[in-house]
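Report on the following structure.
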Ligand SMILES: [Fe+2]
């Protein structure tokens, strides 16, 4: 096992720390050790006017780490969560996180929280239904860790509660090799 640096100061260190995580170390411990300037993430950002983008920094059988880039005003669908745990941390801007529950086949909003760059959101309920909105005056970016990786989710129609299944897709996938080179797909 490799020791986790007290402070993780670049993206490759973060990827290595997560990949080499020992069972006795929590994901929260690693995420709390992040001290990476936002400019270090910038080369991994991609932007689309049609939709927020999902950019994968690393994916294993146990977890995946994504950068999600939100243009001004962009919003996710209302969707659920096919994973055990998730940590969501804005690196830039501000996100509104709404959570919902199904009651008599209808969606009911149970909370709405504003997340800034000094906050983490944590999700563990396997049926957590939620929506993210970029509520900042310009672009926002979030760092999302899912343990285990998300393979699919259900989207809910806000008015009818009707459900549609979706498979994951990525806008960019990055691979860090042993020499520290980064390839993208
Ligand atoms: Fe989500």
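A few points about this structure:
- Efficiency of FRET between residue 114 and residue 6 - r from beta-carbon atoms, R0 30 angstrom, step 0.05: 0.50
- Estimated distance in nm for a label pair at residue 167 and residue 184, the labels positioned 7 Å out from Cα along Cα-to-Cβ: 2.5 nm
- q = 0.09, 0.12, 0.19 Å⁻¹, segment 47-174: log10 I(q)/I(0) [Debye, one scatterer per Cα]: -0.23, -0.42, -1.13
- The helix-only estimate of mean residue ellipticity at 222 nm for the chain, built from DSSP H runs of length n ≥ 4 each weighted as -39500 (n - 2.57), is -2000 deg cm²/dmol after division by the residue total.
- Here each label is just a point 7 Å from Cα along the line to Cβ, and for residue 28 and residue 125 those points are 1.8 nm apart.
- By average C-beta atoms within 10 angstrom, highest first, the peptides 171-183, 140-152: 140-152, 171-183
- Cα gyration tensor, segment 1-112 - rounded (a/c under 1.5), prolate or oblate: oblate
- DSSP beta bridges in the chain [antiparallel fraction, %, rounded to 5]: 95 percent
- Paramagnetic label zone (point 7 Å from Cα along Cα-to-C-beta, residue 50; backbone N under 19 Å) in segment 157-185: 166-173, 185
Laboratory data are not the source of any read-out in this text; all were calculated from the coordinates shown. Keep in mind the model is a prediction, meaning the values are calculated, not measured. All Cβ positions, glycine included, derive from the backbone under ideal geometry; neighbour counts span all protein chains shown.
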